[in-house]
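Structure record follows, encoded as structure tokens.
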Amino acid sequence: MPIRLDIATPERLAYSDDVDEVVCPGVEGELGILPHHAPLLTTLGLGELRIRKGADQEFFAIAGGFLQVRPDRVVVMAETAELGSEIDLERAHEAREEAERTLEVAYLEPADLARARAGLQKALLRIRVAERRRREGPRHHG
């Protein structure tokens, strides 16, 4: 029996469907959610969110937010959520290069350093999720 998954960002409802399993990037590691999981409210980190629906898998790049597991549904409220197939790989590579160039500057203010590191992490995540989607395709039997 599947469970309803809703992934929302401040801009849009990014995903809404019945799924068999969700694996989320918790701040202390991955969290696997199956139907009938105990109620839960936790913070999400930066990472890959995986959805399994039958033999199909989808991948999202998630940055921050919250995960709420209720008896009837799983709700992910993320700062950003990008489906692997929708990620612009060229722009992600450009963002990575820009962040790397910024980090090469010898004297950065702490806030600029933190912003560049966060930008680099986000770009690397987007690249990983987009490339996995291309490598494994929308269907993955495993």
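Every read-out reported here was derived from the displayed coordinates using simple, explicitly stated rules and does not represent laboratory data. A quick note: this is a predicted structure, and the numbers were derived from the prediction, not measured. A quick note on method: Cβ atoms are made from the backbone with ideal geometry, for glycine too, and the neighbour counts reach across all protein chains shown.
General observations
- Counting all C-alpha pairs of segment 87-135, share separated by more than 13 Å (%): 54 percent
- Put simply, segment 54-93 fits an ellipsoid with semi-axes of 24, 15, 5 Å; these come from the alpha carbon gyration tensor as the roots of five times its eigenvalues, largest first.
- Compared with the dominant Cα axis of the chain, that is its longest principal axis, helix 89-104 is turned about 40°.
- Restricting segment 21-58 to GluC sites (Glu not before Pro) in coil, as DSSP defines it, with at most 14 other Cβ within 10 Å: 28
- For residue 14, the residues whose amide H sits under 5 Å from its own are 7, 8, 9, ignoring neighbours fewer than 5 places away on the same chain, with H placed 1.01 Å from N.
- Estimated translational diffusion coefficient (Stokes-Einstein, Kirkwood radius over Cα pairs, 25 °C, 0.890 mPa s) of segment 3-85: 200 µm² per second.
- Extension gain, residue 56 back to residue 105 (0.36 nm per residue minus Cα-Cα distance, nm): 13.3 nm
- Amide H within-cut-off set for residue 74, under 5 Å, with H built and near neighbours excluded: 4, 5, 6
- Between residue 68 and residue 132, the FRET efficiency estimated from the beta carbon spacing at R0 = 22 angstrom works out to 0.25.
- Among 100, 11, 86, residue whose mean-square fluctuation peaks in a GNM of the chain (springs only between Cα atoms under 10 Å): 11
- Under the Karplus curve 6.51 cos²θ - 1.76 cosθ + 1.60, θ = phi - 60°, whole-Hz ³J(HN,Hα) for segment 53-67, x wherever Gly or Pro sits: 9, x, 8, 8, 10, 10, 10, 10, 8, 10, 10, x, x, 9, 10
- The rule of thumb for compact globular proteins, 2.2 N^0.38 Å, goes into the C-alpha radius of gyration of the chain 1.12 times.
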